[in-house]
Amino acid sequence: MTERLTSRRAGEARVRVTARPGRWVAPRPVPHRLAPRMLAARGRTPPIPSWTRQRLLPLTALLAGLLPRALLAHDGEPLRPHDLWSAWSRDPLVILLLALGGWGYARGVRALWRRAGVGRGIRRWQAAAFAGGMAALVIALVSPVHALGEALFAAHMVQHLMLMLVAAPLLALSAPAPALLWALPTGTRKMLARSWRHAPRLRAVARTLAHPLASWTLGAAILWAWHVPAGYDTAVRVEAIHALEHATFFASAFLFWWALVRPTGVFRRARGAALIYLFAAAMQSAALGALLTLAPRPWYAAHLESTAPWGLTPLQDQHIGGGIMWMPASVVYLAAIACALVAWLRDAERKVERLERSRAVAGPGRGATG
C-alpha cells in the first residue's frame, strides 16, 4: 500500500490510498497542520504556503535592498549642502517599524469600522491625527532632517520638536491601542485581555506612568539629561545611543500627552489642573531654550566642525537651536493650553445647563425653597 500527499487550494491535505487492483479505499482527509510532519517523516521538505510567500518575499527583498544602503549611509563625514536632498535615511529597522505601525492601525480601524460602523469606536479625526503623527515621524526619522541634525544643532532641535510636540500628541489623540488590538485575531485579543486582567503589577506600573506627576517628571528629566553636553555629544556620534535618545524622547512625550488626553485620566475631572500641567512643561522647556540661546560659548563639541559648510559658527547654530526650543515650542504649549481652557469652559457650561434643567424639572416652588 502506498500513500501520496496532495494539496488543495482551500488549505487542507488529503492522502490518497491505493490498494490492490480492483479495490478502492476512499481518500481520508488529513488536517493541514499534520501534512508538514508527514512530509518530514518521508524526508521531503514541506512546501511554503502561497500566502506566506506573498508576505515574506517582498519583506525579504525590502530588507535586502535597504541593509547595504544603511551600512553605507554614514561614512563619518558631516553632511554638506549639496548632499541634503539625497540624505534620506534608509535604516531598515526604522522603516519596518513605521510600516508595521501604519499597517496595524489601518487594519485595526478597518476591522472596527466594519463591525461597528464608520466613525464609531475611533473617529475620523482620530484616524487623521494618526496619519499626521506618522507623517511627522517620517519627517523626523527618515527625511533629510535626520541627517541634517547630525551636522547642525538647530536641525537636531527641529527633529526633537517633531518627535515630542507634533508626532507624540497626534498619536496620543489617535487612540492607537484600540486600533492595534483590533488588528489582531480574536483569539489573540482575548488572550491579551486575560493576561492583562491577571497582571496587577503590570497594571499598577501602567497607572503610575500615566499619572500626570510621573509623566511630567519623566519627560522633564529626559529632556534635560540628553542636553547635558556629554550625553548629547555621545548621542550624535554613536548611532545606537542616538536611536536610544530618540526613543526615550518620543516615549516620554507620548506618556506626557497621553496623561493629558486619555478618556479616564485625572484631567477629565480636573480641567483646571491641565492648565498648570501644560504651563509647567512650557516653562521648563523654555528655560532650557533660553540657556542655549543666551550661552556665551558653544556647549557641544559634536558640532564644532560641522557647521562651517552651512555658513554658521557653532555658537550661531546653538543660538538658533535654542531659539527654536524657546519660541516655537512655547507656541505649541500655548495652543495646547488654549484647547484645555476651551474644554474647561465647555464643561462648566454643560454643568450649568444640567443644573438649570434639573431646577426646571423640580419646579419653581421647590427651586425657590431650595
* Structure fact -> Two pseudo-spin positions, 7 Å from Cα along C-beta at L98 and at W125, lie apart in nanometres by 2.7 nm
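Quote the FRET efficiency, to the nearest 0.05, computed for A280 versus L355 with a Förster distance R0 of 30 Å and r equal to the Cβ-Cβ distance. Numbers along the way, then the final one.
Details: r = 32 Å, r/R0 = 1.07.
Plugging the Cβ-Cβ distance into 1/(1 + (r/R0)^6) gives 0.40.
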* Asked: Measuring from a point 7 Å past the Cα of L209 along Cα-to-C-beta, which residues in the range 253-277 have an amide N at less than 14 Å?
  -> 253-259
* Asked: Separation between the V266 and R346 pseudo-spin-labels, each 7 Å from Cα along Cα→Cβ, expressed in nm?
  -> 2.3 nm
* Once the Cβ-Cβ distance between A135 and D83 is put in as r, and R0 is 30 Å, what FRET efficiency do you end up with, to the nearest 0.05? -> 0.80
* Structure fact -> Of the range 80-99, those with amide N under 17 Å from the point 7 Å along the Cα→Cβ vector of A308 are 80-82
* To do: Estimate the FRET efficiency between A290 and S195 by the formula 1/(1 + (r/R0)^6), using the beta-carbon distance for r and 45 Å for R0, to the nearest 0.05.
  => 0.45
* To do: Find the Cα radius of gyration of the range 179-291, compare it with 2.2 N^0.38 Å by division, and give the number to two decimals.
  => 1.32
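None of the figures in this text is laboratory data; all of them are computed from the coordinates on show. From a predicted model like this one, the values you see are computed outputs, not experimental measurements. Quick reminder, even Gly has a Cβ in these numbers, built from the backbone with ideal geometry, and neighbours come from all protein chains shown.
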